[in-house]
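The values are calculated or read from the model by the stated rules, or taken from the named source; none is laboratory data. This one's a predicted model, so the numbers in the text were calculated from it and none came from an experiment. Here Cβ is always computed from backbone atoms with ideal geometry, including for glycine, and neighbour counts include all displayed protein chains. Only protein heavy atoms, including side chains, enter the accessible area calculation; ligands, DNA and RNA are left aside. Shrake-Rupley method; radii C 1.70, N 1.55, O 1.52, S 1.80 Å.
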Amino acid sequence: GDIVLLAKPVTLTEGDRVTLTTDVPVATDGTSKPEKLLYAVSLPPVHGQTEHINYPGVPISSYRQLDVVAQKVSDVHDNSHGARKESLR
């Protein structure tokens, strides 16, 4: 089926961490099992990383919608001074 992804921008400054919630990325594919959707990080942040909160400091390249609903995924800034805006794709 068709996949719909809604995302809102999130701003991080030096050393900030934001936990992804369904207010930031939320997707649906028209099935009755949205928790099985898998996000793949194809362009990771340059000045930080995406990580599972149970494994801080370890970058991840994918996570599930269920992880977002459970607030288990964070985007972390690496304290770079003068880091420009970037996006997670």
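Here Ser42 does not qualify as exposed (fewer than 12 other Cβ atoms within 10 Å of the Cβ) and either at pLDDT below 70 or not in a loop (DSSP other than H, G, I, E, B) (or both). If you take the residues of the stretch 45-63 that are within 10 Å of the chain's Cα centre (by Cα) and closer than 16 Å to Thr21 by Cα, which of them is most open to solvent (accessible area, probe 1.4 Å)? Of everything passing the filter in the stretch 45-63, Ser62 is most open to solvent (accessible area, probe 1.4 Å).
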